[in-house]
Amino acid sequence: MSRRRLAAALGAAVLTLGLAACGGSDNPVSVTDGPTASAAPSSGSSLEPADFAAAVKVAGTTIIDVRTPEEFAAGHLKGAVNMDVENPAQFQAQVAELDPTQTYALYCHTGNRSGVAKDYLTGAGFTSVYDLAGGIEAWTNDGGKAVTD
């Protein structure tokens, strides 16, 4: 293969890989549009944004934002309820009001706090809890929208 052809082929490959790695998508993730999972994921799972978007559409799923009220007010997933894991007494009281047999989809900013909350809920006997890997940051990087209403 000539140097010119090799350079052109390598350039095309780098461009293709670069575009795929940008995180942009013609089909942004959404809690309302797009595919719905056939069932809730395994309890304890951490899902990538597209899988999380499909899973939260399963009937009976409650989306919980475990960030602070200020973070929640700045932008959250449509339909989410706020339960601040950094306020332990309030968080525990709110968890005590939940049905442990229902499905809960948790998220935070980057996935750390939702992991803590997920561990707390599963330790408390909740049978269907999963979280968003990378948090709302990954969600918005994949084209997902946050709302402020």
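What number of residues within the stretch 46-61 satisfy the criterion of being more than 18 Å from residue 142 (Cα to Cα) and crowded, with 17+ Cβ neighbours inside 10 Å? Result for the stretch 46-61: 1. Comparison of 131, 65 shows that the only residue that is closer than 25 Å to residue 39 by Cα, in contact with a His (Cβ under 8 Å, 6 or more places away or on another chain) and buried (at least 18 other Cβ atoms within 10 Å of the Cβ) is 65.
Assess whether residue 12 counts as being small (Gly, Ala, Ser), open to solvent by less than 70 Å² (accessible area, probe 1.4 Å) and either touching a strand residue (DSSP E or B) at 6+ places or on another chain (Cβ under 9 Å) or modelled with pLDDT of 90 or more (or both). Steps first, please.
Values: small (Gly, Ala, Ser): yes; open to solvent by less than 70 Å² (accessible area, probe 1.4 Å): yes; either touching a strand residue (DSSP E or B) at 6+ places or on another chain (Cβ under 9 Å) or modelled with pLDDT of 90 or more (or both): no.
The answer is no for residue 12.
Among the conditions (1) in contact (Cβ under 8 Å) with a residue 24 or more places away in the chain; (2) assigned to a loop (DSSP other than H, G, I, E, B); (3) small (Gly, Ala, Ser), residue 37 misses just one, which is (1). Among the residues of the stretch 95-104, are any within 23 Å of residue 141 (Cβ to Cβ) and either touching a Pro at 6+ places or on another chain (Cβ under 7 Å) or open to solvent by 50 Å² or more (accessible area, probe 1.4 Å) (or both)? The answer is no, given that none of the residues of the stretch 95-104 is within 23 Å of residue 141 (Cβ to Cβ) and either touching a Pro at 6+ places or on another chain (Cβ under 7 Å) or open to solvent by 50 Å² or more (accessible area, probe 1.4 Å) (or both). Within the stretch 100-140, the set of residues being outside any helix (DSSP H, G or I), hydroxyl-bearing (Ser, Thr, Tyr) and under 12 Å from residue 64 (Cα atoms) comprises 103, 104, 107, 130. The residue pairs whose first member lies in the stretch 68-95 and is on the phi < 0 side of the Ramachandran plot, whose second member is surrounded by fewer than 13 Cβ atoms within 10 Å (Cβ to Cβ) and not in a helix (DSSP H, G or I), and whose beta carbons are closer than 8 Å, counting only pairs six or more residues apart or on different chains, are 73/148; 74/148; 76/147; 76/148; 77/147; 78/32; 78/147. For the stretch 77-94, a residue qualifies if it is open to solvent by less than 70 Å² (accessible area, probe 1.4 Å) and within 28 Å of residue 53 (Cβ to Cβ), and the qualifying residues are 77, 79, 80, 81, 82, 83, 84, 85, 87, 91, 94.
The values are calculated or read from the model by the stated rules, or taken from the named source; none is laboratory data. These numbers were taken from a predicted model, which means no experiment stands behind them. FYI the Cβ positions are ideal-geometry reconstructions off the backbone, even for glycines, and counts take in every protein chain you see. Quick note on the areas: whole protein, heavy atoms, side chains included, nothing else; ligands and nucleic acids left out. Shrake-Rupley method; radii C 1.70, N 1.55, O 1.52, S 1.80 Å.
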